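Enquirer: This is the structure I have questions about; it appears just below.
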Amino acid sequence: MKRLLGICISMQMTFVLLFITGITPKLNSYVGATMYLIIGFASLVISLYLAGKKFLLGISFIAFIFSLLIICFTIFIYFLPEAGMPPEIPLFE
């Protein structure tokens, strides 16, 4: 259980480091969005599993909220238009 929590938190820290260092804008938009969504959904599943097992419920809940924020941030940045500009990754043409 501790190992799963460590994996979940390390994935979320990886997201923060990728965002702060600015590596993903240098990559293709599809690669960046896929990386962020994989990190977000994987940490979401792990945090839900840990919360279901009632393992460190407070930390699991915080990890769950942060996972949701990662997913919402990725959808906002890559898939939604902003101020008349088209989205980075258009879903519907």
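FYI, it's all coordinate maths here, none of it is from the lab. Here the structure is a predicted model, which is why all the values come from computation and not from measurement. Don't worry about glycine lacking a Cβ; one is built from the backbone with ideal geometry, like all the others, and counts go over all protein chains shown.
Enquirer: Residue by residue, what Karplus-based ³J(HN,Hα) values in Hz, rounded to whole numbers, does region 45-59 have, using 6.51, -1.76 and 1.60 with θ = phi - 60° and x for Gly and Pro?
Expert: So the J values, rounded to whole Hz, are 5, 5, 5, 5, 4, 5, 5, x, 7, 6, 9, 6, 4, x, 5.
Enquirer: Then there's this: So what is the 222 nm mean residue ellipticity for the chain from helices alone, if each DSSP H run of at least 4 adds -39500 (n - 2.57) and you divide by all residues, rounding to the nearest 500 deg cm²/dmol?
Expert: -23000 deg cm²/dmol
Enquirer: Specify which residue in the list Gly40, Gly22, Phe73 is farthest towards the positive end of the charge dipole of the chain, using unit charges on the beta carbon of Lys, Arg (+1) and Asp, Glu (-1), about the Cα centre.
Expert: Farthest towards the positive pole: Gly40.
Enquirer: From the Cα gyration tensor of region 38-87, with a ≥ b ≥ c the square roots of its eigenvalues, which class applies: rounded if a/c is under 1.5, or else prolate if a/b is larger than b/c, or else oblate?
Expert: prolate
Enquirer: Taking the Cα centre of the chain as origin and charging only Cβ (+1 Lys, Arg; -1 Asp, Glu), how large is the dipole, in debye to the nearest 20?
Expert: Roughly 620 debye for the chain.
Enquirer: A follow-up question, please. Shape verdict for the chain, please, from the Cα gyration tensor: rounded (a/c under 1.5), prolate (a/b greater than b/c) or oblate.
Expert: Prolate.
Enquirer: Follow-up question, since we're still on this one. Which whole-Hz couplings ³J(HN,Hα) result when phi for each residue of region 64-74 is put into the Karplus expression 6.51 cos²θ - 1.76 cosθ + 1.60, θ = phi - 60°, listed in order with x for Gly and Pro?
Expert: Per-residue couplings from phi come out as 5, 5, 5, 5, 4, 5, 4, 5, 5, 4, 5 Hz.
Enquirer: If I take every Cα pair under 8 Å that is 6 or more residues apart in the chain, average their sequence separation and divide by the length, what percent do I get for the relative contact order?
Expert: Relative contact order of the chain: 29 percent.
Enquirer: Taking the chain, which trypsin sites (Lys or Arg not before Pro) meet the DSSP loop condition and have no more than 14 other C-beta atoms within 10 Å?
Expert: Lys53, Lys54
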